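Single-structure report; data block below.
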Amino acid sequence: MTTTASAFDAGQIRQSEAAHVLPIYRRAPIVLVRGQGARVWDTEGREYLDFTSGVGVAALGHANPGLAKVIAEQATVLVHTSNLFFHPYQSELAEKLFRLSGLDRVFFCNSGTEAVEACLKFARRYWFTRGETSRTKFVALQHAFHGRTFGSLSVTADPHYREPFGPLVSGVTFVDASDPASLDAAVTDETAAIVLEPIQGEGGVRPLSREFADAVRAAAERTGALVIADEVQSGLGRTGYAFYAQELGLAPDLMAIGKALGGGVPIGAALVRERIAAAVSPGDHGSTYGGNLLACRAGIYVVDQLLEGGLLEHVQRVGAHFERRLTELASKQPMVKELRGVGVMRGIEVDRPAADIVEAAGPLGLLANATSKTVVRLLPPLTITETEIDEAVSRLDAAMTAVAGGAR
């Protein structure tokens with residue numbers, strides 16, 4: 001039985017959170033209670049086009065019937081056993097991820113941050129096993145965001161995230177992705193791995209250039225440094241490609257994925273090449289919940305939509321339409337400085353705080369978010385339609401006009 005919006009009291013929910021929930025997040029004042037496809041509804045019954053999709057998580061939209069069916073089915077059979085035992089679905093999902101990525105082995109965890117953490121550990125373990133114990137350093141990028149645990153935070157660039165928690169993991173050098181020469185100078189025979197997002201998400205939706213990708217490949221070949229691709233946000237079809245590193249001509253040694261993998265069920269994974277896996281021993285890493293039956297069933301369903309369900313082709317088609325509509329928007333709105341992104345991962349650089357536009361868009365029925373201070377980030381479900389894109393861009397246009405005119 002579906003609970004109606006009227007069953008919830010938004011004020012009471014906000015008051016209860018204020019009393020009992022750690023105030024880590026800056027929340028919009030709305031309380032969401034129901035979703036369907038690209039749309040969500042709040043306690044007052046107001047409808048919104050969701051162009052955040054849980055920050056890239058709800059890849060198949062909200063309340064996807066096929067995903068809901070497999071989750072419900074598994075929940076009545078067996079949810080969790082721990083990794084002390086085999087179950088049928090880890091190997092099935094791992095095989096499908098191998099088909100999608102070409103990376104041989106999978107470590108399952110619960111989030112993208114945990115997947116990055118695992119990749120960092122496995123990279124160091126690889127060199128330790130080889131007896132090259134001086135290879136402990138990492139090279140990461142300016143504008144990078146890889147997570148909030150100590151390892152992933154150590155390769156995250158923004159001081160805002162880092163400074164309250166120092167000292168972090170040492171030996172990390174940050175380079176500018178617009179300056180390939182700086183990468184070449186930073187990568188040495190003490191570098192364990194180069195860590196990168198093929199499209200920097202939190203850093204402002206910044207795709208890496210082919211020139212920089214070529215420099216990464218050259219530096220890795222010159223020194224033997226491993227390449228870790230963080231595809232937590234850009235991977236699993238969001239760009240219209242399975243993984244954007246492949247489109248850049250990169251062949252990562254390790255890859256972190258999460259977000260979209262479970263379509264809303266928490267799951268992450270570190271994908272590694274066989275030679276890296278061979279350096280890892282039982283007990284080197286672990287996760288109590290990682291790879292449980294429920295999460296793996298969800299992951300199998302999502303990956304099947306990419307492998308066999310035509311979802312990649314759909315994203316390529318609607319992504320091209322999205323780009324055309326945003327280009328038209330930019331021609332009308334002087335506040336737009338630059339458009340960036342691929343597929344249904346889009347960023348709009350504006351000449352003012354992006355939060356003002358996001359705030360104005362909410363009452364107009366559009367959910368977006370601001371990142372890197374001046375970028376409106378748009379991450380609709382991969383199943384978004386051209387009609388829904390048209391509707392969202394019209395609402396965004398109205399929000400920009402309202403902000404420009406001081407009508408808020």
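The values are calculated or read from the model by the stated rules, or taken from the named source; none is laboratory data. Everything numeric here is computed off the predicted structure, so don't read it as measured data. Note that each Cβ is placed from the backbone with ideal geometry, even for glycine, and that neighbours are counted across all protein chains shown.
Numbers below:
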item	result
Enumeration of residues in segment 271-283 that are within 15 Å of V106 (Cβ to Cβ) and either outside the structural domain of R130 (by TED's automatic domain parsing) or not in a helix (DSSP H, G or I) (or both)	L271, V272, R273, A278, V280
Of all residues in segment 49-84 being in contact with a strand residue (DSSP E or B) (Cβ under 8 Å, 6 or more places away or on another chain), part of a helix (DSSP H, G or I) and of a type outside the set (G, A, S), the one that is surrounded by the fewest Cβ atoms within 10 Å (Cβ to Cβ)	V55
Inter-residue pairs, beta-carbon under 6 Å, first β-branched (V, I, T) and in segment 105-118, second part of a strand (DSSP E or B), 6+ apart	V106/A269; V106/L271; V116/D230; V116/A256
Residue within segment 344-363 that is surrounded by fewer than 17 Cβ atoms within 10 Å (Cβ to Cβ), in a helix (DSSP H, G or I), without any contact (Cβ under 8 Å) to a residue 60 or more places away in the chain and of a type in the set (A, V, I, L, M) present	yes
Exclusive hit being surrounded by fewer than 22 Cβ atoms within 10 Å (Cβ to Cβ) and in contact (Cβ under 8 Å) with a residue 24 or more places away in the chain, set H87, H146	H87
Tally, over segment 121-140, of residues that are touching a strand residue (DSSP E or B) at 6+ places or on another chain (Cβ under 7 Å), under 26 Å from G203 (Cβ atoms) and touching a residue at least 60 places away in the same chain (Cβ under 8 Å)	4
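Matching residues to (1) buried (at least 23 other Cβ atoms within 10 Å of the Cβ); (2) outside the structural domain of V155 (by TED's automatic domain parsing); (3) not in a loop (DSSP other than H, G, I, E, B):
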{"site": "A229", "(1), (2), (3)": "yes, no, yes"}
{"site": "S234", "(1), (2), (3)": "yes, no, no"}
{"site": "G237", "(1), (2), (3)": "yes, no, no"}
{"site": "Y241", "(1), (2), (3)": "no, no, no"}
{"site": "A251", "(1), (2), (3)": "no, no, no"}
{"site": "M255", "(1), (2), (3)": "yes, no, yes"}
{"site": "L261", "(1), (2), (3)": "yes, no, yes"}
